[in-house]
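For reference, the structure discussed in these notes is given below.
The values are calculated or read from the model by the stated rules, or taken from the named source; none is laboratory data. Small disclaimer: the values here were computed from a predicted structure and weren't measured. FYI the Cβ positions are ideal-geometry reconstructions off the backbone, even for glycines, and counts take in every protein chain you see. What goes into the accessible areas is simple: the full protein's heavy atoms, side chains included, and nothing from ligands, DNA or RNA. Shrake-Rupley method; radii C 1.70, N 1.55, O 1.52, S 1.80 Å.
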Amino acid sequence: TMKELMKRSDGPAIRDTLLWFAFLAASGFGGWWFWGTWWAVPFFIVYGVLYGSASDSRWHECGHGTAFKTRWMNDVVYHIACFMILREPTVWRWSHTRHHTDTIIVGRDPEIGVQRPPNIFGILIQLFAIKSTWATFKKLCIHATGRLTAEEKTFIPESEQHKVYGVARIYLAIFAVVAVWCFAIGSILPAMFIG
């Protein structure tokens, strides 16, 4: 029974991914359609939950290559989900490998969620991804200039580093286009779909 449950296939993951995108599109359309009224709020709540939380589990499973049987399908959804939750795909693929190698070893595991002693204020603001978003934007700017942090140099192989720089430039370009678009139309509506 366990072997049957662990047997991988593309079908369920394709179905679930298509449903996820369909619900994202429907709730996004509703938010756009009712923009400027209170009716947009429930649509954007649904959109935000699907965007922010469902992408996290997809990032994790596709990063491990366990959602789909076919590798390229895992990679495509992994990259989409990484953008949605503001995680750089190459950085996180290698930091997550280090995390599984040296789990909760201070100085080695780059993914320790809560350091000791815990910073309660930091944990509370992280509920809204404020801390991680700010940190990621700083790293995106560093990576876009063709550099890594000292810690990242310890776990990202040299052969993979060019991918980090390219993705950072693409992410920043997308955010710049959306910001210009928002200013051009005088509305935050475009940012509602990627933020």
Review point. Of all residues in the stretch 148-172, which are assigned to a loop (DSSP other than H, G, I, E, B), exposed (fewer than 15 other Cβ atoms within 10 Å of the Cβ) and not β-branched (Val, Ile, Thr)?
Key: Pro157
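Condition check: in contact with a Leu (Cβ under 9 Å, 6 or more places away or on another chain) and either within 30 Å of Trp33 (Cβ to Cβ) or at pLDDT 80 or above (or both). Does Ala144 satisfy that?
yes
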Review point. Looking at Arg58, Arg71, Arg87, Arg8, which one is of a type in the set (Lys, Arg) and touching a Gly at 6+ places or on another chain (Cβ under 7 Å)?
Key: Arg71
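Quick check, is Ala144 touching a Lys or Arg at 6+ places or on another chain (Cβ under 8 Å) and open to solvent by less than 50 Å² (accessible area, probe 1.4 Å)?
yes
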Practice item. Could you check, for the stretch 148-166, whether at least one of its residues is modelled with pLDDT of 80 or more, of a type outside the set (D, E, K, R) and in contact with an Asp or Glu (Cβ under 9 Å, 6 or more places away or on another chain)? Key: yes
Point to revise | Enumeration of residues in the stretch 9-47 that are open to solvent by 100 Å² or more (accessible area, probe 1.4 Å) and touching a residue at least 60 places away in the same chain (Cβ under 8 Å) | key: Trp32
Exercise for review: Could you grab the pairs with beta carbons closer than 9 Å, sequence gap of 6+ or different chains, first residue in the stretch 62-87 and on the phi > 0 side of the Ramachandran plot, second one part of a helix (DSSP H, G or I) and of a type in the set (Lys, Arg)?
Suggested key: Gly65/Arg71
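Which of the residues belonging to the stretch 2-14 are part of a helix (DSSP H, G or I) and farther than 18 Å from Met84 by Cβ?
Answer for the stretch 2-14, where residues must be part of a helix (DSSP H, G or I) and farther than 18 Å from Met84 by Cβ: Met2, Lys3, Glu4, Leu5, Met6, Asp10, Gly11, Pro12, Ile14.
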